[in-house]
1. So for segment 452-464 (the condition being assigned to a helix (DSSP H, G or I), buried (at least 17 other Cβ atoms within 10 Å of the Cβ), on the phi < 0 side of the Ramachandran plot and at pLDDT 80 or above), does at least one residue qualify?
2. Given the conditions (1) part of a loop (DSSP other than H, G, I, E, B); (2) at pLDDT below 85, and given that residue 385 satisfies all but one, which numbered condition is not satisfied?
3. Please determine whether any residue of segment 132-155 is surrounded by fewer than 16 Cβ atoms within 10 Å (Cβ to Cβ), at negative phi, not assigned by TED's automatic domain parsing to the domain that holds residue 259 and not in a helix (DSSP H, G or I).
4. Need at least 1 residues that are outside the structural domain of residue 32 (by TED's automatic domain parsing) and closer than 28 Å to residue 67 by Cα per element, so show me which helices (runs of 4 or more DSSP H) inside segment 475-566 make the cut, counting only ones lying wholly within it.
5. Sort through 262, 267 and tell me the only one that's part of a helix (DSSP H, G or I) and surrounded by 15 or more Cβ atoms within 10 Å (Cβ to Cβ).
6. Here are some conditions: (1) crowded, with 18+ Cβ neighbours inside 10 Å; (2) more than 23 Å from residue 117 (Cα to Cα); (3) not assigned by TED's automatic domain parsing to the domain that holds residue 341. Residue 221 meets all but one. Which one does it not meet?
7. Is segment 15-28 home to any residue that is surrounded by fewer than 17 Cβ atoms within 10 Å (Cβ to Cβ) and under 16 Å from residue 522 (Cβ atoms)?
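The values are calculated or read from the model by the stated rules, or taken from the named source; none is laboratory data. Because the structure is predicted, anything quoted here is derived from the model rather than measured. Note that we place each Cβ from the backbone using ideal geometry, even for glycine, and neighbour counts take in every protein chain shown.
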């Protein structure tokens with residue numbers, strides 16, 4: 001392994017313009033150099049080299065990086081090979097020492113284990129609260145009403161969040177658990193007033209969410225009847241509140257019930273996919289332990305890959321209405337892409353698996369499972385049923401089935417389904433159906449047919465579009481790192497709402513105050529998420545901020561951002577005050593009201609500063625940015 005210090009020295013002592021110039025004809029344009037990209041065919045130069053940042057970026061294919069990355073790609077070398085050759089070229093000696101990567105990985109592993117331990121402690125707290133906390137009788141009644149047995153409740157570690165603002169906070173403090181860690185895990189929420197934290201979950205039935213190793217990574221809280229009647233016209237609380245994403249929880253990568261049902265899934269080779277927490281509990285309790293549900297998000301490709309790890313077949317238990325049909329249509333191509341064959345059980349109107357099992361029993365559901373049609377048959381029948389007798393609607397319905405049939409790899413199977421579509425819609429001319437399907441395919445998949453043979457990795461994720469003002473301020477720091485020494489820079493970490501920009505700022509600050517400069521390539525490597533890295537690479541490839549007036553522009557932009565955050569906090573305080581009044585907690589409501597008055601005073605002061613700046617012709621939203 002090569003020490004980080006040596007890698008940094010290789011980057012610093014290798015002239016990136018000279019190296020790239022050996023392969024690309026470069027032309028100087030301002031502070032950068034420009035030429036035709038060596039990694040894809042183009043007629044208009046979109047390849048930029050920034051010598052001051054020792055960085056290259058192509059705005060066409062999105063290739064980017066430092067001298068090492070360029071040399072790896074252009075010569076098809078591994079990272080160590082590229083480092084060794086560039087070190088020889090630059091006269092850098094690579095010491096033969098053990099890498100510190102193992103120590104870094106161990107520290108990160110210990111940190112994750114500490115977070116898992118916190119979640120386990122909290123799950124135990126909620127389980128004990130279900131047994132004896134004041135107000136828990138309503139949670140126990142909800143469990144009993146759904147027919148959930150004590151054994152099932154123990155298996156899934158059901159719990160109760162006490163009806164208090166700081167019950168969990170006090171428990172964490174008694175265990176000497178770092179409240180900042182608990183905040184990062186989404187368990188508690190900081191008070192803007194600086195008076196500490198309050199519990200995220202209050203007076204809710206809690207479902208702990210486990211990962212594949214059985215470790216608790218998040219919670220889902222279901223609403224319970226209020227302990228005291230709500231005032232007339234009061235807004236009802238959300239049915240479910242789920243943990244936000246955290247360092248150990250990515251909701252698009254978790255299936256509720258998979259840990260508990262993984263062995264049955266492997267044995268049966270099939271997973272039942274439903275939509276709700278209680279559905280999973282009811283199915284497991286009925287002996288169908290190969291049942292799972294996504295957690296508060298649409299079904300993703302990561303979910304599909306999880307399914308494929310444990311089974312090659314899936315059964316979808318969705319509503320039989322239009323919404324259910326759309327949900328099945330969305331899931332079909334995702335499962336087909338990973339090679340999972342799917343069938344569909346359409347639940348009766350108003351039913352879900354939980355209510356159906358309680359009314360009809362497991363034998364009736366097993367009959368439905370045995371008779372479940374293949375997902376394509378279900379979608380064809382659903383499209384015909386939705387279209388009815390209207391000729392125009394039937395034509396559109398047939399065209400809409402083109403993406404469904406496009407997922408079929410076998411030409412013979414596809415032809416048989418084309419004939420089935422014709423039969424289901426009562427059309428004798430199969431050729432006319434095929435023409436309508438081709439028309440639908442052209443409308444739906446033209447962009448896919450025209451995509452490049454080797455699409456850039458950055459295009460696999462949706463475009464990253466951070467909030468404009470936040471991106472402007474972080475971009476100013478990338479252009480002029482000395483702005484990090486301004487007083488407003490200390491406020492910025494608490495003002496950013498975008499996680500990607502917050503990560504960029506955090507890494508940039510650590511690098512600047514440790515090294516005195518920003519190393520663009522190193523900064524990009526430290527950022528997780530290909531779409532965020534792509535945005536950072538594009539931003540590093542240009543310089544948009546002039547030094548004149550930069551400090552004042554940065555200051556005003558930060559103040560504008562602070563004002564927006566306070567306004568969000570004021571909206572939240574209004575809701576908390578109302579909730580406290582409803583609960584009869586006048587002392588808390590009065591305390592929150594004092595916080596609100598103080599924040600409104602802050603907004604007034606900020607308005608004066610910003611109005612004064614506007615009268616002088618400054619623009620707090622844009623600072624001193626100059627676009628080229």
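1. No, every residue in segment 452-464 fails to be assigned to a helix (DSSP H, G or I), buried (at least 17 other Cβ atoms within 10 Å of the Cβ), on the phi < 0 side of the Ramachandran plot and at pLDDT 80 or above.
2. Going through (1) part of a loop (DSSP other than H, G, I, E, B); (2) at pLDDT below 85 one by one, residue 385 breaks only (1).
3. Checked segment 132-155: at least one residue is surrounded by fewer than 16 Cβ atoms within 10 Å (Cβ to Cβ), at negative phi, not assigned by TED's automatic domain parsing to the domain that holds residue 259 and not in a helix (DSSP H, G or I).
4. Output list reads 499-515, 520-526, 530-540.
5. 262
6. The number of the failed condition is (2).
7. no
Residue by residue, here is whether (1) touching a helix residue (DSSP H, G or I) at 6+ places or on another chain (Cβ under 9 Å); (2) surrounded by fewer than 20 Cβ atoms within 10 Å (Cβ to Cβ) holds:
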position: 341; (1), (2): yes, yes
position: 346; (1), (2): yes, no
position: 355; (1), (2): yes, yes
position: 359; (1), (2): no, yes
position: 363; (1), (2): no, yes
position: 367; (1), (2): no, yes
position: 372; (1), (2): yes, yes
position: 404; (1), (2): yes, no
position: 430; (1), (2): yes, yes
